Amino acid sequence: MAEKEIGKGLKMALDLGPVAAFFIGYMLLKDATYTIGGRDYSGFVLITAAFIPVLAFTTFLLWRLTGTLSKMQLVTLVLVGLFGGLTVWLNDERFFKMKPTLIYALFAVILGVGLLRGQSYLRFVMSEVVPLDDAGWMILTRRVAVFFAGLAILNEVIWRTMSTDAWVNFKTFGLTIGIFVFFIAQSGLFARHGTEKDS
């Protein structure tokens, strides 16, 4: 299926909608305990169970509307299914809290391997969005690899040392704002190494 353009608002809703739904659901159910089949489940575990099909559905919609999915979206969906499923099956919220650590660590390692080979793997997934020269891609890839490694470490520290409320707020708002601020901070790099000066 050929890649098709969709509105930025719709794409953002499909990308961020599941995270927003998870946050709202958690805030509504966080203090509740539900007994299902003779087993007690926290609101967090039930919201995790609901989050998996919601993310799968929005990912499917995104694929149907655009004809394409990024590797990061696919890996995220697989890890959400795996660790969310373990959280529900074992009734242990720690597995879902580990998921961001593994996602960011995995991408940091992949980018690092590319850098060791003298390549920017980031370029393969972002070249159409961010037109940079070769030097610019290598610099940006190094920065993103370090940033992702830092996010993986930060997620570990927060979920292991803070409350579930703190972790949910970090995952919903902290990660989103952090990524946005990081890329805004690269504006100087984009200006110096951009290959489409007029755009």
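The values are calculated or read from the model by the stated rules, or taken from the named source; none is laboratory data. This is a predicted model, so every value here is computed, not measured. A quick note on method: Cβ atoms are made from the backbone with ideal geometry, for glycine too, and the neighbour counts reach across all protein chains shown.
Among residues of segment 1-30 that are farther than 22 Å from Ile177 by Cβ, none has a Cβ under 7 angstrom from a residue that is modelled with pLDDT of 90 or more and not in a helix (DSSP H, G or I) at a sequence gap of 6+ or on a separate chain. Just one of the listed residues (Phe124, Phe107, Phe180, Phe95) is more than 21 Å from Phe51 (Cα to Cα) and surrounded by 16 or more Cβ atoms within 10 Å (Cβ to Cβ), namely Phe107.
For (1) more than 17 Å from Ala105 (Cα to Cα); (2) touching a residue at least 60 places away in the same chain (Cβ under 8 Å), each residue gets a yes or a no:
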| site | (1), (2) |
| --- | --- |
| Leu132 | yes, yes |
| Trp137 | yes, no |
| Ala152 | no, no |
| Asn155 | no, no |
| Ile179 | no, no |
| Thr195 | yes, yes |
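Can you find a residue that is farther than 26 Å from Thr141 by Cα and of a type outside the set (Lys, Arg) anywhere in segment 68-79?
Checked against the condition, which is being farther than 26 Å from Thr141 by Cα and of a type outside the set (Lys, Arg), segment 68-79 yields no hits at all.
Of Arg39, Arg64, all but one fail to be on the phi < 0 side of the Ramachandran plot and free of Cβ contacts under 8 Å to residues at least 24 places away in the same chain; the exception is Arg64. Per this entry, Phe22 is counted among residues that are in contact with a helix residue (DSSP H, G or I) (Cβ under 9 Å, 6 or more places away or on another chain) and either in a helix (DSSP H, G or I) or surrounded by 14 or more Cβ atoms within 10 Å (Cβ to Cβ) (or both). When segment 116-147 is filtered for residues that are under 20 Å from Ser70 (Cα atoms), out of contact with any Phe, Trp or Tyr (no Cβ under 6 Å at 6 or more places or on another chain), of a type in the set (Gly, Ala, Ser) and at pLDDT below 95, only Ser127 remains.
Output yes when any residue across segment 148-169 is among the aliphatic types (A, V, I, L, M), farther than 30 Å from Leu28 by Cα and at pLDDT below 95, and no when none is. Checking segment 148-169: not a single residue is among the aliphatic types (A, V, I, L, M), farther than 30 Å from Leu28 by Cα and at pLDDT below 95.
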